[in-house]
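Undergrad: Have a look at the structure that comes next, please.
The values are calculated or read from the model by the stated rules, or taken from the named source; none is laboratory data. The model shown is predicted, which means the values in this text are computed figures rather than measured ones. Every residue, glycine among them, receives a Cβ derived from its backbone with ideal geometry; neighbour counts consider all protein chains shown. Side chains are part of the model used for accessible areas, which takes the heavy atoms of the whole protein and leaves out ligands, DNA and RNA. Shrake-Rupley method; radii C 1.70, N 1.55, O 1.52, S 1.80 Å.
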Amino acid sequence: MEYGLIGEHLGHSFSKQIHSGLGNDRYILREVPRDRVDEFFETREFSGINVTIPYKKTALAACDEVSDLAKRAQAVNCVVNRGGRLYGENTDCAGILATLEHAGIDVRDKTVLVLGRGGAATAVQAVIESLGGRPVTVYRKQAEGCVLPEQAARMYPDAAVVINATPAGMHPDVESQALDLSGFDQLEFVFDLVYNPLKTRLLLQAGSLGIPHDNGLRMLVTQAVRAHEIFFDVQVPDAITEQVLADLVRQRRNIVLIGMSSCGKSTLGKRLAQTLGLSFTDLDAEIEAAAGLSIPEIFRQEQEAGFRRRETEAARQAGLDTGQVIACGGGIIERPENLDLLHRNGIILWLKRDPALMVHEDADRPMLKQGFDSLYGRRAPVYASWADLTVTNDGSLQEGLEAVCRALGLQVDGPASSG
Ligand SMILES: Nc1ncnc2c1ncn2[C@@H]1O[C@H](COP(=O)(O)OP(=O)(O)O)[C@@H](O)[C@H]1O
Ligand SMILES: O=C(O)C1=C[C@@H](OP(=O)(O)O)[C@@H](O)[C@H](O)C1
Ligand SMILES: [Mg+2]
């Protein structure tokens, strides 16, 4: 092995893709069983490696020389072999630093609540200390030097930053949250090392409280960039880092279309997915498939309440997946809980069409029996409040598609033609 990542289980790793984006196609993933890791480091048959769970301490011990930050973090996640000598670094620390810097956060003399006390938390702590901040460990069980989550707000009302370094909220444990943010009023930034989902419950709460926040993707990309720089003794331009990060976000993020019945979500959504190379999920089609019934049939047999229950379940399922365009039904905003389910991995876009251009009666759209105008009058402000982006779709399908791509900051001159 020349370059790559070692760890016990690497199924979900994005590292190969990120290093490939940096121009290293020789980077591979190698799962090493626990009883083989000592031998791996003894033989030293590699040029440069990243190390992940559970071998970061083993790597620290195996190196001939390690950086100060790696010593403080008590972990090495990057090892380079220089003529048989192993040099160890902790590039996770660079990733943590980069996330704080990008957010414009200065932690000097400020209280930083670090959630968790595992390896990632130790790295966070080392970084905060190196910046002159005051890290406080919040841990779910009573332990020496730690604060319980339910006591944190009372004991540290001055907390300026919260950093989650626990797996709480990580897929599939998406309902977990290591700290409730509602008791704090001086928070400047919330950082969650988790990036699957892109927004954990912690980050969704930060968003709803208007607190700036970020997930672990920038850290993930930055640690890889630093490793690449160490492997090849080069400097990667910031623009490349941003490009790799943006590509990753584009690939994973769901684009969620909301808006009034017949504004074009299903039609435009399908084409958008084709154009962007994403998969397409129409919640109405998912609901019909799960029920084995058409939508008018569901309304007849189970009334609107039954349909809404099914709709929330479909939103929950789709919201956990990534890399899709999701077309919602017009009534997705009827249940407030659907917002977080779709926001987990998605950006929400209101496709806004002139009422004169929309369908006012349709046997396949039972809600329209309530009257288009009153339905739209009630819903329009809710669409507006849910939307991260709003796009007017009053022209042709092609024009709408281009407007959506522009709003998403994506190139519009792709294969978005024909039909
Ligand atoms: N700019 C446009 N975007 C999307 N659909 C359009 C557009 N112009 C006309 N249409 C037509 O309008 C209808 C939109 O229906 P649909 O995609 O089912 O909407 P929704 O899923 O929002 O209810 C389709 O018949 C489609 O062909
Ligand atoms: O407006 C609504 O409440 C509904 C809209 C429909 O989807 P479209 O928006 O695709 O018509 C479908 O989910 C169901 O008939 C209920
Ligand atoms: Mg539809």
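Undergrad: So if we plug the beta-carbon distance of Glu39 and His12 into 1/(1 + (r/R0)^6) with R0 = 25 Å, what FRET efficiency do we get, rounded to 0.05?
TA: The computed FRET efficiency comes out at 0.45.
Undergrad: Using a cut-off of under 11 Å, list every residue of the stretch 46-65 whose amide N is near the label point 7 Å from the Cα of Arg85 along the Cα-to-beta-carbon line.
TA: Label zone hits: 64-65.
Undergrad: Give me the one-decimal nm value for the distance between modelled label points at Gln142 and Ser176, 7 Å along each residue's Cα-to-Cβ direction.
TA: 2.2
Undergrad: Also, I was wondering about something else. For the chain, take the longest principal axis of its alpha carbons; what is the angle in degrees between that and the long axis of helix 238-252, to the nearest 10 within 0 to 90?
TA: It works out to around 50 degrees.
Undergrad: Mind giving me the FRET efficiency for Gln151 and Lys369? R0 is 60 Å, r the Cβ-Cβ distance, nearest 0.05 is fine.
TA: Efficiency, from the Cβ-Cβ distance: 0.65.
Undergrad: Ok, one more. I'd like the orientation of helix 265-276 relative to the chain: the angle between its Cα long axis and the longest Cα principal axis, in ° from 0 to 90, rounded to 10.
TA: Approximately 40 degrees, to the nearest 10.
Undergrad: To the nearest 10 degrees, how steeply does helix 372-386 sit against the main Cα axis of the chain, on a 0 to 90 scale?
TA: 10
Undergrad: Among Leu22, Val37, Ile49, whose Cα projects farthest towards the positive end of the dipole of the stretch 19-58, with charges put on the beta-carbon of Lys, Arg (+1) and Asp, Glu (-1)?
TA: Farthest along the dipole direction, towards plus: Leu22.
Undergrad: If I model a spin label as a point 7 Å beyond the Cα along the Cα-Cβ vector, how far apart are those points for Ser396 and Ala290 in nm?
TA: Modelled inter-label distance: 3.8 nm.
Undergrad: Could you report the chain's accessible area per residue, 1.4 Å probe, as an integer in Å²?
TA: Normalised by residue count, the accessible surface of the chain is 46 Å².
Undergrad: Something else now. How big is the dipole moment of the chain about its Cα centre under a simple scheme where the beta carbon of each Lys and Arg is +1, that of each Asp and Glu is -1, and everything else is neutral? Debye, nearest 20, please.
TA: Values: 43 positive and 56 negative charges, 66 e Å.
My answer is approximately 320 debye.
Undergrad: Mind jotting down the distance between the C-alpha centroids of the stretch 284-358 and the stretch 48-119, whole Å?
TA: When both Cα centres are located, 43 Å separates them.
Undergrad: How about Lys71: which lysines have a C-alpha closer than 22 Å to its C-alpha, ignoring those fewer than 8 places off in the same chain?
TA: Lys56, Lys57
Undergrad: With +1 on each Lys and Arg Cβ and -1 on each Asp and Glu Cβ, how big is the dipole of the stretch 336-419 about its Cα centre, in debye rounded to the nearest 20?
TA: 200
Undergrad: If you don't mind, another one. For the chain, set up a GNM with springs between Cα atoms under 10 Å and report which of Val194, Val107, Val79 has the largest fluctuation.
TA: Val107
Undergrad: By how many nm would the segment from Arg309 to Arg108 lengthen if fully extended, with 0.36 nm per residue of separation less the alpha-carbon distance? Write out the running numbers ahead of the final one.
TA: Values: separation 201, 0.36 × 201 = 72.36 nm, distance 4.82 nm.
Residue separation times 0.36 nm, minus the Cα-Cα distance, leaves 67.5 nm.
Undergrad: Which residues among the stretch 222-239 fall inside the zone where the amide N is under 19 Å from a point 7 Å beyond the Cα of Glu65, along Cα→Cβ?
TA: Label zone hits: 227-235.
Undergrad: Between Leu276, Leu293, Leu100, find the one with the highest GNM mean-square fluctuation for the chain; connect C-alpha pairs within less than 10 Å.
TA: Result for the chain, Cα springs under 10 Å: Leu293 fluctuates most.
Undergrad: How would the stretch 167-224 be classified by its alpha-carbon gyration tensor: rounded, prolate or oblate, with rounded meaning a/c under 1.5 and the a/b versus b/c comparison settling the rest?
TA: Working: a/c = 2.38, a/b = 1.31, b/c = 1.81.
Since a/c reaches 1.5 but b/c is at least a/b, the shape of the stretch 167-224 is classed as oblate.
Undergrad: Then there is this: Sum -39500 (n - 2.57) across every DSSP H segment of at least 4 residues in the chain, then divide by the residue count to get the 222 nm mean residue ellipticity, nearest 500.
TA: Calculated at 222 nm, the ellipticity per residue is -13000 deg cm²/dmol.
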